[in-house]
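No lab work stands behind these numbers, since they all come straight from the coordinates. Nothing here was measured: the structure is a model prediction, and the numbers come from that model. Because the Cβ atoms are built from the backbone with ideal geometry, glycine has one as well, and the counts that use them run over all protein chains shown.
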Amino acid sequence: MIEYIKICRPDHWLKNIFIVFGHVVALTLVLDFHVTHEVIVRALLSLIPACLIASANYVLNEILDAPYDAMHPTKKHRGIPAGRVKVSILWWIMVGLIAGGFLLAQWWGFNWAYQAALLLLLLSGLVYNVPPLRLKDRAFADVIAESFNNPIRLWLGYYALVEPRFVPPLSIVLSWWFFGALLMTGKRYAEYRFIGDAELSGRYRRSFRTYTEKSLILAMIAYANLFCFCAGVAMAVYEPLNNLVLVAPVIIGAVLVYFHHAMKEEAARLEPEQLLRNPWIILCTILTAGLTLWLLTTDKPYAKMLHLLGPLTL
């Protein structure tokens, strides 16, 4: 049983913490940080269907990737290529997870926009994994497709708390997408170096036949700049977000820390997920999140007081 649970990857549910970003956007731009018991409960409940659908996607991923995982230095020890689980049982587990996710969303009364985002999360797994489209085999399209889960998680968190008539700003959606693309490209870069063999990496993942270390580094730089540009637009245009311009130096520092650790020689010996667990990356993330929440909830317009967005109007 433990092998079947591993394939559902409950340890990866932590990625759904990105749904909380959607909660924060809704609280800031729509609910004016009016936090009630009902809001807290709905925010917590919104994580559960997303985790179930994410696990369904992980099961599908492991079933379809088993022949390729067999050529990976560590993934060859997973349940399917190692012959410790039955694929027929995994298909039923996947169906159960999908049904459970949508039934819980319906039972708890989440609106159609939340349920549509949940469906998008499922469809993204299909587009990413299932032939003939199978975007995970297409260089650069794989990162764009996988990081699209970031906007989906934003919508899940946002529409868990507000009605569909409220639409999150495109600048915020795009910045969150580009941030995800930065992380996913860093993951590809770490994985490419971890395998350390161009021929073997190309057999393991077709997109690696196109990627090079240089192209992946350039892509990371591009996504980092696009993230900062879109985030800057949102901070400047939406008054409740004005104070967040003060977070920009911290964000840039966090991105530099991420680049630094991704490119260290010892990082080539780490699996991609281990890179994101680096204590310095975690610390920078916590500091950025803490400063962001403080600046969002304060009544003082620090950005205007410091004339960062023009003179203060009294």
Among K15, K76, which comes first, second and so on when ranked by fewest other beta-carbon atoms within 10 Å?
K76, K15
Radius 14 Å from Cβ of L135, net charge of other residues (Lys, Arg +1; Asp, Glu -1)
+2
First check a/c for the stretch 42-175, with a ≥ b ≥ c the square roots of the eigenvalues of its C-alpha gyration tensor; if it is under 1.5, answer rounded, and if not, answer prolate when a/b is larger than b/c or oblate otherwise.
oblate
Amide H proximity to L308 below 5 Å, modelled H, separation 5+ or other chain, gives none
Arrange the following residues from fewest to most other Cβ atoms within 10 Å of their Cβ: M235, M305, M94, M1.
M1, M305, M94, M235
Farthest positive-ward along the stretch 1-164 dipole, Cα basis, beta-carbon charges - from V162, L27, G100
G100
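For a protection proxy built on the mean count of beta-carbon atoms within 10 angstrom, sort 164-171, 121-128, 140-147 highest first, please.
Packing order, densest peptide first, comes out as 140-147, 121-128, 164-171.
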With the charge dipole of the chain built from beta-carbon charges (+1 for Lys and Arg, -1 for Asp and Glu) about the Cα centre, the Cα from G180, H12, T212 projecting farthest to the positive end belongs to T212
In the structure shown, of K86/K136; K15/K304; K15/K214; K187/K300, the pairs separated by more than 32 angstrom at the C-alpha atoms are K15/K304; K187/K300
Tell me what the chain gives for mean residue ellipticity at 222 nm when only DSSP H runs of n ≥ 4 count, each as -39,500 (n - 2.57), the sum divided by the residue total, rounded to 500 deg cm²/dmol.
-21500 deg cm²/dmol
When you count, for each residue, the other Cβ atoms within 10 Å and take the mean per peptide, how do 248-255, 173-180, 23-30, 155-162 rank with the highest first?
155-162, 173-180, 23-30, 248-255
Charged-residue dipole, Cβ positions (Lys, Arg, Asp, Glu), the chain about Cα centre, Debye nearest 20:
580
Taking the Cα centre of the stretch 149-250 as origin, sum charge times position over the Cβ atoms of Lys and Arg (+1) and Asp and Glu (-1), and report the length of that vector in debye to the nearest 20.
380
Neighbour-count order for Y4, Y192, fewest beta carbons within 10 angstrom listed first
Y4, Y192
Between the stretch 21-55 and the stretch 177-251, how many Å separate their Cα centres?
26
I want to verify the translational diffusion coefficient of the stretch 92-241 in µm²/s; compute it with Stokes-Einstein, Rh as the Kirkwood radius over Cα pairs, at 37 °C and 0.692 mPa s.
192
